[in-house]
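The values are calculated or read from the model by the stated rules, or taken from the named source; none is laboratory data. Owing to the predicted nature of the structure, the values given are computational and were not obtained by experimental measurement. Ideal geometry is used to build each Cβ from the backbone, glycine not excepted, and the neighbour counts take in all protein chains shown.
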Amino acid sequence: MRAIIGILTFTILSAASAAQVRPSRTWWQPFDHGNTLAGPMASLYGGADVDRTFGSTYDEQAWQFRAHVAVEPYRFTDSTDEVQITTLISSHQELTANPFNDISFNPRTMRWEEFIQVVVGTSTWTGRIGWLHRCKHDLDNLDGPSELDPSFAGQGVQRTIILSGPTLSAGTAPFELFGGRWRIETGVEWFVLAADYRSPAQSVDVGSWKHMQGAVWGRGVAAWYLSTNVRIQTQYYVSAPWFSARLGAPADIPLPHEARAEISLCVNGRTASAELVAHAEHVFDELSFLDARPSTYAGIGLRFAPRW
(Lines give C-alpha, C1' and ligand atoms only; values in the text may rest on other atoms or scores of the structure.)
Protein backbone atom coordinates (compact mmCIF):
# COMPACT_ATOMS: atom_id res chain seq x y z
CA MET A 1 0.00 0.00 0.00
CA ARG A 2 2.89 2.40 0.73
CA ALA A 3 4.23 1.74 -2.76
CA ILE A 4 0.80 2.43 -4.29
CA ILE A 5 0.40 5.69 -2.38
CA GLY A 6 3.97 6.68 -3.31
CA ILE A 7 3.30 6.16 -7.02
CA LEU A 8 0.06 8.13 -6.80
CA THR A 9 1.72 10.96 -4.89
CA PHE A 10 4.47 11.23 -7.51
CA THR A 11 1.82 11.28 -10.23
CA ILE A 12 -0.21 14.01 -8.55
CA LEU A 13 2.81 16.20 -7.89
CA SER A 14 3.88 15.83 -11.53
CA ALA A 15 0.45 16.59 -12.93
CA ALA A 16 1.21 20.26 -13.42
CA SER A 17 3.10 19.33 -16.54
CA ALA A 18 1.58 15.06 -21.39
CA ALA A 19 3.13 14.61 -24.69
CA GLN A 20 0.63 15.21 -27.41
CA VAL A 21 2.06 12.34 -29.41
CA ARG A 22 0.38 9.95 -26.93
CA PRO A 23 -3.38 9.92 -27.67
CA SER A 24 -3.93 7.09 -25.15
CA ARG A 25 -3.16 9.39 -22.20
CA THR A 26 -6.90 10.02 -21.71
CA TRP A 27 -7.91 6.36 -22.02
CA TRP A 28 -8.22 3.73 -19.33
CA GLN A 29 -8.50 0.13 -20.56
CA PRO A 30 -10.02 -1.95 -17.76
CA PHE A 31 -9.58 -5.70 -17.77
CA ASP A 32 -13.16 -6.33 -16.67
CA HIS A 33 -15.84 -6.38 -19.34
CA GLY A 34 -18.39 -8.50 -17.48
CA ASN A 35 -18.83 -12.19 -18.22
CA THR A 36 -16.47 -12.73 -21.17
CA LEU A 37 -15.89 -16.23 -22.57
CA ALA A 38 -12.70 -17.70 -24.02
CA GLY A 39 -12.36 -17.81 -27.79
CA PRO A 40 -11.88 -15.56 -30.81
CA MET A 41 -13.11 -11.94 -30.85
CA ALA A 42 -13.98 -12.03 -27.14
CA SER A 43 -14.75 -8.28 -26.92
CA LEU A 44 -14.76 -5.09 -28.94
CA TYR A 45 -15.18 -1.63 -27.44
CA GLY A 46 -14.27 1.98 -28.06
CA GLY A 47 -14.83 5.59 -27.16
CA ALA A 48 -14.09 9.21 -28.03
CA ASP A 49 -13.02 12.54 -26.49
CA VAL A 50 -13.51 16.13 -27.59
CA ASP A 51 -11.76 18.99 -25.73
CA ARG A 52 -11.67 22.76 -26.05
CA THR A 53 -8.50 24.05 -24.42
CA PHE A 54 -7.21 27.49 -23.49
CA GLY A 55 -3.76 28.95 -22.88
CA SER A 56 -1.62 26.70 -25.11
CA THR A 57 1.40 28.15 -26.95
CA TYR A 58 -0.01 30.29 -29.81
CA ASP A 59 -3.34 28.49 -29.18
CA GLU A 60 -2.13 25.47 -31.19
CA GLN A 61 -3.96 22.97 -28.96
CA ALA A 62 -7.29 24.84 -29.09
CA TRP A 63 -9.18 21.71 -30.21
CA GLN A 64 -8.41 18.07 -29.47
CA PHE A 65 -10.44 15.16 -30.84
CA ARG A 66 -9.55 11.59 -29.86
CA ALA A 67 -10.96 8.21 -30.95
CA HIS A 68 -10.19 4.89 -29.27
CA VAL A 69 -10.89 1.26 -30.16
CA ALA A 70 -9.78 -1.99 -28.51
CA VAL A 71 -10.39 -5.62 -29.42
CA GLU A 72 -9.48 -8.96 -27.87
CA PRO A 73 -8.60 -11.06 -30.97
CA TYR A 74 -8.35 -14.21 -28.87
CA ARG A 75 -9.02 -14.84 -25.19
CA PHE A 76 -7.48 -17.96 -23.66
CA THR A 77 -9.56 -18.02 -20.46
CA ASP A 78 -13.01 -17.06 -19.27
CA SER A 79 -13.33 -13.85 -17.28
CA THR A 80 -14.41 -15.92 -14.25
CA ASP A 81 -11.16 -17.91 -14.17
CA GLU A 82 -8.68 -17.23 -11.36
CA VAL A 83 -6.00 -16.22 -13.88
CA GLN A 84 -7.12 -14.46 -17.03
CA ILE A 85 -5.04 -14.46 -20.22
CA THR A 86 -5.98 -12.64 -23.39
CA THR A 87 -4.61 -10.74 -26.38
CA LEU A 88 -5.35 -7.07 -26.98
CA ILE A 89 -5.07 -4.80 -30.00
CA SER A 90 -5.84 -1.14 -29.33
CA SER A 91 -5.66 1.96 -31.49
CA HIS A 92 -5.87 5.65 -30.56
CA GLN A 93 -6.02 8.70 -32.83
CA GLU A 94 -5.89 12.41 -32.02
CA LEU A 95 -6.57 15.44 -34.19
CA THR A 96 -5.42 18.84 -32.89
CA ALA A 97 -6.48 22.14 -34.41
CA ASN A 98 -5.92 25.84 -33.82
CA PRO A 99 -8.66 28.50 -34.33
CA PHE A 100 -6.89 30.47 -37.10
CA ASN A 101 -9.22 30.20 -40.09
CA ASP A 102 -12.70 31.41 -41.11
CA ILE A 103 -14.50 28.73 -39.10
CA SER A 104 -12.12 28.93 -36.10
CA PHE A 105 -11.02 25.33 -36.70
CA ASN A 106 -7.74 24.81 -38.52
CA PRO A 107 -6.43 21.19 -38.32
CA ARG A 108 -2.71 21.08 -37.63
CA THR A 109 -1.59 17.59 -36.66
CA MET A 110 -2.79 14.01 -36.53
CA ARG A 111 -1.35 11.48 -34.10
CA TRP A 112 -1.68 7.68 -34.14
CA GLU A 113 -0.92 5.08 -31.49
CA GLU A 114 -1.31 1.29 -31.77
CA PHE A 115 -0.61 -1.52 -29.29
CA ILE A 116 -0.44 -5.31 -29.74
CA GLN A 117 -0.27 -6.94 -26.30
CA VAL A 118 -0.68 -10.09 -24.28
CA VAL A 119 -2.53 -9.37 -21.03
CA VAL A 120 -2.50 -11.48 -17.86
CA GLY A 121 -4.73 -10.64 -14.89
CA THR A 122 -5.67 -11.91 -11.45
CA SER A 123 -7.92 -10.60 -8.71
CA THR A 124 -5.14 -8.27 -7.49
CA TRP A 125 -2.95 -7.30 -10.48
CA THR A 126 -2.73 -7.03 -14.26
CA GLY A 127 0.33 -7.26 -16.50
CA ARG A 128 0.83 -6.43 -20.19
CA ILE A 129 3.65 -7.08 -22.62
CA GLY A 130 3.71 -6.21 -26.30
CA TRP A 131 4.68 -3.75 -29.03
CA LEU A 132 3.66 -0.14 -29.64
CA HIS A 133 3.81 2.17 -32.63
CA ARG A 134 3.32 5.91 -32.22
CA CYS A 135 3.55 8.67 -34.84
CA LYS A 136 2.57 12.27 -35.56
CA HIS A 137 2.04 13.91 -38.98
CA ASP A 138 1.06 17.43 -40.06
CA LEU A 139 -2.08 18.42 -41.96
CA ASP A 140 -3.23 21.80 -43.33
CA ASN A 141 0.08 23.52 -42.66
CA LEU A 142 1.58 21.55 -45.58
CA ASP A 143 -0.28 23.78 -48.04
CA GLY A 144 1.87 26.83 -47.38
CA PRO A 145 0.90 28.81 -44.26
CA SER A 146 3.70 29.67 -41.91
CA GLU A 147 3.74 28.40 -38.36
CA LEU A 148 2.55 31.72 -36.90
CA ASP A 149 0.72 33.44 -39.80
CA PRO A 150 -1.90 31.32 -41.64
CA SER A 151 -2.22 33.97 -44.39
CA PHE A 152 1.46 33.66 -45.36
CA ALA A 153 1.87 31.95 -48.76
CA GLY A 154 5.44 30.76 -48.31
CA GLN A 155 6.84 27.27 -47.94
CA GLY A 156 4.84 24.84 -45.84
CA VAL A 157 6.34 23.25 -42.76
CA GLN A 158 6.28 19.67 -41.61
CA ARG A 159 7.52 17.72 -38.63
CA THR A 160 7.02 13.95 -38.40
CA ILE A 161 7.60 11.96 -35.22
CA ILE A 162 7.82 8.13 -35.25
CA LEU A 163 8.37 5.96 -32.15
CA SER A 164 8.14 2.17 -32.12
CA GLY A 165 9.26 -0.61 -29.80
CA PRO A 166 8.43 -3.06 -26.99
CA THR A 167 6.34 -2.08 -23.98
CA LEU A 168 5.81 -3.63 -20.55
CA SER A 169 3.35 -2.53 -17.85
CA ALA A 170 1.74 -3.71 -14.62
CA GLY A 171 -1.15 -2.44 -12.58
CA THR A 172 -3.54 -3.10 -9.77
CA ALA A 173 -7.02 -4.54 -9.93
CA PRO A 174 -9.68 -2.17 -8.55
CA PHE A 175 -9.27 -1.57 -4.82
CA GLU A 176 -11.01 0.52 -2.18
CA LEU A 177 -9.21 3.48 -0.55
CA PHE A 178 -10.44 6.71 1.08
CA GLY A 179 -14.00 5.78 0.21
CA GLY A 180 -13.27 5.51 -3.53
CA ARG A 181 -12.52 2.85 -6.11
CA TRP A 182 -8.93 3.05 -7.40
CA ARG A 183 -6.68 1.60 -10.09
CA ILE A 184 -2.99 2.36 -10.69
CA GLU A 185 -0.77 1.28 -13.58
CA THR A 186 2.85 1.95 -14.48
CA GLY A 187 5.01 0.87 -17.41
CA VAL A 188 8.15 1.29 -19.47
CA GLU A 189 8.71 1.64 -23.22
CA TRP A 190 11.87 1.13 -25.28
CA PHE A 191 12.03 2.69 -28.72
CA VAL A 192 13.80 0.54 -31.27
CA LEU A 193 12.83 3.15 -33.84
CA ALA A 194 12.85 6.87 -32.99
CA ALA A 195 12.63 9.39 -35.83
CA ASP A 196 12.14 13.17 -36.07
CA TYR A 197 11.89 14.46 -39.66
CA ARG A 198 11.58 18.21 -40.29
CA SER A 199 10.99 20.23 -43.44
CA PRO A 200 12.45 22.78 -44.00
CA ALA A 201 15.45 20.96 -42.53
CA GLN A 202 17.42 22.63 -39.77
CA SER A 203 21.17 22.49 -39.31
CA VAL A 204 20.48 21.60 -35.67
CA ASP A 205 17.17 19.93 -34.86
CA VAL A 206 16.21 21.83 -31.72
CA GLY A 207 15.06 19.31 -29.13
CA SER A 208 15.14 16.50 -31.70
CA TRP A 209 13.49 13.20 -30.83
CA LYS A 210 15.87 11.23 -33.08
CA HIS A 211 17.81 10.20 -29.99
CA MET A 212 14.83 9.25 -27.84
CA GLN A 213 15.48 5.93 -26.12
CA GLY A 214 12.26 5.23 -24.22
CA ALA A 215 9.89 6.41 -21.52
CA VAL A 216 8.53 5.43 -18.13
CA TRP A 217 4.96 6.34 -17.26
CA GLY A 218 2.30 6.05 -14.58
CA ARG A 219 -1.46 6.41 -14.53
CA GLY A 220 -4.00 6.43 -11.71
CA VAL A 221 -7.77 6.71 -11.61
CA ALA A 222 -10.05 7.08 -8.57
CA ALA A 223 -13.84 7.17 -8.53
CA TRP A 224 -16.31 8.12 -5.80
CA TYR A 225 -19.86 6.95 -6.46
CA LEU A 226 -22.69 9.37 -5.71
CA SER A 227 -25.23 6.74 -6.78
CA THR A 228 -25.21 3.46 -8.70
CA ASN A 229 -24.78 5.24 -12.03
CA VAL A 230 -23.22 8.61 -11.12
CA ARG A 231 -19.66 9.16 -9.92
CA ILE A 232 -16.97 11.79 -9.52
CA GLN A 233 -13.70 10.58 -11.06
CA THR A 234 -10.15 11.88 -11.02
CA GLN A 235 -7.42 10.66 -13.33
CA TYR A 236 -3.68 11.40 -13.36
CA TYR A 237 -1.10 10.60 -16.01
CA VAL A 238 2.63 11.28 -16.07
CA SER A 239 5.46 10.17 -18.38
CA ALA A 240 9.20 10.82 -18.35
CA PRO A 241 11.07 10.07 -21.59
CA TRP A 242 14.83 9.73 -21.82
CA PHE A 243 17.23 10.55 -24.65
CA SER A 244 20.76 9.59 -25.62
CA ALA A 245 21.20 13.27 -26.60
CA ARG A 246 19.09 16.44 -26.60
CA LEU A 247 20.98 18.56 -29.11
CA GLY A 248 19.89 22.18 -28.99
CA ALA A 249 17.11 21.61 -26.45
CA PRO A 250 15.82 24.91 -25.05
CA ALA A 251 17.09 25.73 -21.59
CA ASP A 252 13.57 25.81 -20.17
CA ILE A 253 12.99 22.09 -20.83
CA PRO A 254 16.21 20.49 -19.52
CA LEU A 255 14.27 17.51 -18.09
CA PRO A 256 11.41 16.62 -20.45
CA HIS A 257 8.33 15.17 -18.81
CA GLU A 258 4.65 14.95 -19.61
CA ALA A 259 1.52 14.89 -17.44
CA ARG A 260 -2.21 15.42 -17.22
CA ALA A 261 -4.64 15.86 -14.32
CA GLU A 262 -8.40 15.79 -14.70
CA ILE A 263 -11.66 15.59 -12.79
CA SER A 264 -14.92 14.46 -14.32
CA LEU A 265 -18.59 13.91 -13.63
CA CYS A 266 -19.53 10.51 -15.06
CA VAL A 267 -22.95 9.04 -15.80
CA ASN A 268 -23.09 5.30 -16.47
CA GLY A 269 -25.35 3.69 -19.01
CA ARG A 270 -25.82 -0.04 -19.45
CA THR A 271 -22.41 -0.62 -21.10
CA ALA A 272 -20.72 2.80 -21.36
CA SER A 273 -20.34 6.13 -19.61
CA ALA A 274 -20.53 9.81 -20.60
CA GLU A 275 -18.11 12.13 -18.81
CA LEU A 276 -17.92 15.90 -18.45
CA VAL A 277 -14.19 16.55 -17.96
CA ALA A 278 -12.10 19.47 -16.72
CA HIS A 279 -8.34 19.03 -17.13
CA ALA A 280 -4.91 20.65 -17.05
CA GLU A 281 -1.87 19.61 -19.11
CA HIS A 282 1.69 20.63 -19.75
CA VAL A 283 3.74 19.36 -22.71
CA PHE A 284 7.51 19.68 -23.02
CA ASP A 285 7.11 19.80 -26.82
CA GLU A 286 3.70 20.61 -28.29
CA LEU A 287 4.89 19.44 -31.75
CA SER A 288 3.00 21.83 -34.04
CA PHE A 289 6.23 23.73 -34.76
CA LEU A 290 9.62 22.75 -36.11
CA ASP A 291 11.28 23.76 -32.84
CA ALA A 292 10.53 22.14 -29.50
CA ARG A 293 8.21 24.49 -27.58
CA PRO A 294 6.68 23.73 -24.17
CA SER A 295 3.01 24.48 -23.64
CA THR A 296 0.68 24.66 -20.65
CA TYR A 297 -3.08 24.82 -20.92
CA ALA A 298 -6.41 23.92 -19.34
CA GLY A 299 -9.58 22.69 -20.95
CA ILE A 300 -13.06 21.23 -20.73
CA GLY A 301 -14.46 18.36 -22.72
CA LEU A 302 -16.71 15.36 -23.18
CA ARG A 303 -15.65 11.72 -23.14
CA PHE A 304 -17.54 8.57 -24.05
CA ALA A 305 -15.89 5.44 -22.67
CA PRO A 306 -16.61 1.89 -21.46
CA ARG A 307 -18.35 1.69 -18.12
CA TRP A 308 -15.92 1.24 -15.22
Those residues that are under 20 Å from the mean Cα position of the chain (by Cα), over 24 Å from Phe304 (Cβ atoms) and in a loop (DSSP other than H, G, I, E, B), I need them from the range 52-83; list them, please.
-> Gly55, Glu60
From the list Leu226, Leu276, which one is within 20 Å of the chain's Cα centre (by Cα), modelled with pLDDT of 90 or more and surrounded by fewer than 22 Cβ atoms within 10 Å (Cβ to Cβ)?
-> Leu276
When (1) modelled with pLDDT of 95 or more; (2) surrounded by fewer than 17 Cβ atoms within 10 Å (Cβ to Cβ) are applied to Ser244, the one that fails is (1)
Flag for Leu148 being out of contact with any strand residue (DSSP E or B) (no Cβ under 6 Å at 6 or more places or on another chain), farther than 20 Å from Pro241 by Cβ and modelled with pLDDT of 90 or more = no
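Rundown of residues vs (1) crowded, with 17+ Cβ neighbours inside 10 Å; (2) not in a strand (DSSP E or B), yes/no style:
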site	(1), (2)
Ile85	no, no
His92	yes, no
Ala97	yes, no
Phe100	yes, yes
Pro107	no, no
Ile116	no, no
Val119	yes, no
Thr126	yes, no
For Thr96, which of the numbered conditions (1) within 22 Å of Arg134 (Cβ to Cβ); (2) touching an Asp or Glu at 6+ places or on another chain (Cβ under 6 Å) fails to hold?
-> (2)
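Would you pick out the residues in the range 157-173 that are at pLDDT below 90 and surrounded by fewer than 17 Cβ atoms within 10 Å (Cβ to Cβ)? So that I can check it myself, show each step before the final result.
Just the residues of the range 157-173 that are at pLDDT below 90, to begin with: 157-159, 173.
Gln158, Ala173 - these are the residues of the range 157-173 that are at pLDDT below 90 and surrounded by fewer than 17 Cβ atoms within 10 Å (Cβ to Cβ).
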